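Colleague: I have a structure here, written as C-alpha cells, and I will follow up with some questions on it.
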Amino acid sequence: MSFRALYVDQQLENGAITVHRAQLRTFDDRTLDDRVLEPGDVTVDVDFSTLNYKDGLALAGRPGVLRRSPIVPGIDLVGRVRESADSRFVPGDRVVLNGDGIGESRDGGLTERAIVRGEALVKVPDALGQHQAAAIGTAGFTAMLAVLALERGGVAPASGDVLVTGAAGGVGSVAIAVLARLGYAVTASTGRGDTEADYLRELGASSIVNRADFTEAGRPLQKTRWAGAVDAVGGVTLANVLAQTSWGGVVAACGLAGGSDLPTTVMPFILRGVTLAGINSVEAPRALREEAWARLATDLDPHLLDTMTSTIGLQDALGAAESILAGQIRGRTVVDVH
Ligand code: NDP
C-alpha cells in the first residue's frame, strides 16, 4: 500500500531560497503507519486539499510560508478519520482542518494521507459535503472570521455599505457571498472589473469599484463611505479604507495581497472610533473554528460556492501555483488528491 503527496524540498542561505524542488511523490504507507500517534493526533484519509495564496508561495519556491524542509505543502485538508488518539474523533468522522501550521511548519494537506492535531480539527457540518468544505477552505473560513469580527464590532446590515477588497479572490468571493446573504449592501473592490463584474454581482455585490481607487496614498481622514470592510489587500489600500470608514466602523484585516506595510495614522481610530480587527485563521482557537464552520453551513449559499469553485488534480497544483500568485485565479480552487 502506498499514498501520493506533493513534496517540497528547499534550502535557504542568508534568508534566500537557493534550492527549491516541488514534486509529486509516492510514499510507502509505513512512513505514516510506523509512526506512533502522539496523544491528540489523528490520522486522516484525505479527500481534498485546496490551493490558497500561501500554497502558491510554498509551491513556487517563494519565501515567507515554509518553516521546515522537506515538507508536504497544503494549508487545508478535508477527509475522513482513519485512526484517532483524540477522544473527540472516531474512525469515519468527516473532518476539516484549516491552518494550525499544516503546510507551513508541519506536513500539510496536499496528500492522500496525513497525521494532524485533533485540537484544530473540526467535524464537517452535516449540511456540507466534503467537496463543499474544501471549496470553502482557509479562504472561506477566514472570510467568515472576518464577518464574525464585523458582527462583534456592531456592524449590522442597517449600519451602511461594507467594502470587500481583493474581491475576486478566495477570501473576497466568500466574504461577498456571506455578507450579501446576511443582508449587507456590499461593494466589491477589484482590479478585474472588466472580466469579473458579472461574477461579483452574481455573488451578491451591489456595486463594484476599481481597486486602483485605493492604491494612491490619500489623506488620513477622507469622506466616509463604509460601515465596515473586509480587507484582503493591506498596504496603501488598507490605509485608504481606514480613512474612509465611518464613525464606529470595523475593518477586518485578513491579507496582504497588495503589501504588508500599513502607512496610516491614528486619526481614523481616535477621531472616528474605527476598529482595526486582525484576523488570524492559522491559530484560531477551537471554539472559534467551530463557530465559524457552523455559520458557514448556514450563511453561505452552496450554489454560489459552486460558481466560485474549480477543481484540479494533485499534479496540476504545481502549475496553478504561479497563476494564484499572479492574481489570475477566480474564487476557490479545490485539489482532488486522488
Ligand atoms: P487570492 O489570490 O485568491 O486573492 C487575492 C486577491 O487580491 C486577488 O484575487 C486580487 O483581487 C487581489 N490582489 C492581488 N494582488 C493585488 C495587488 N497587488 N494589489 C491589490 N489587490 C491585489 O488569495 P486569497 O483570497 O486566498 O487570500 C487573500 C489574502 O489573504 C492573501 O494575502 C492571503 O495570504 C491572506 N490570507 C490570510 C489569512 C489569515 O489567516 N489572515 C488566511 C487566508 C488568506 P482582484 O483581482 O479582485 O483585485
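Colleague: Using Cβ counts within 10 Å as a stand-in for footprinting exposure, how do T195, T142 rank, fewest first?
Modeller: T195, T142
Colleague: Under a point-charge model restricted to the Cβ atoms of Lys and Arg (+1) and Asp and Glu (-1), what is the dipole moment magnitude of the chain relative to its Cα centre, in debye to the nearest 20?
Modeller: Here the size comes out at about 740 debye.
Colleague: Return F141, F3, F214, F27 ranked ascending by Cβ neighbour count within 10 Å, so the fewest neighbours appear first.
Modeller: F27, F3, F214, F141
Colleague: Among L148, G108, V186, which residue has its Cα positioned farthest towards the positive end of the charge dipole of the stretch 83-187, with +1 placed on the Cβ of Lys and Arg, -1 on the Cβ of Asp and Glu, and the dipole taken about the Cα centre?
Modeller: Going by the Cα projections, it comes out as V186.
Colleague: Name the residue, out of G118, G183, G172, whose mean-square fluctuation peaks in a Gaussian network model built on the chain with Cα pairs under 10 Å.
Modeller: Of G118, G183, G172, the Gaussian network model singles out G183 as fluctuating most.
Colleague: For the stretch 138-278, which semi-axes, largest first and in whole Å, follow from the square roots of 5 times the eigenvalues of its Cα gyration tensor?
Modeller: Taking √(5λ) for each Cα gyration eigenvalue gives 20, 17, 13 Å.
Colleague: So what's the back-of-envelope 222 nm ellipticity for the chain, counting only DSSP H runs of four-plus at -39500 (n - 2.57) apiece and dividing by all residues, rounded to 500? Please list the in-between numbers first.
Modeller: Numbers: 10 runs with 103 residues, N = 338.
Using -39500 (n - 2.57) per qualifying helix, the result is -9000 deg cm²/dmol.
Colleague: Expressed as a whole number of Å, what is the distance separating the alpha-carbon centroids of the stretch 174-209 and the stretch 1-77?
Modeller: 34 Å
Colleague: Hey, how many Å between the Cα centroid of the stretch 91-127 and the Cα centroid of the stretch 222-301?
Modeller: Measuring centre to centre over Cα atoms gives 26 Å.
Quick note: the coordinates plus some simple rules give every number you see, no bench work behind them. Remember, predicted model here, so these are calculated numbers, not experimental data. No Cβ is skipped: glycine too gets one built from the backbone with ideal geometry, and neighbour counts run over all protein chains shown.
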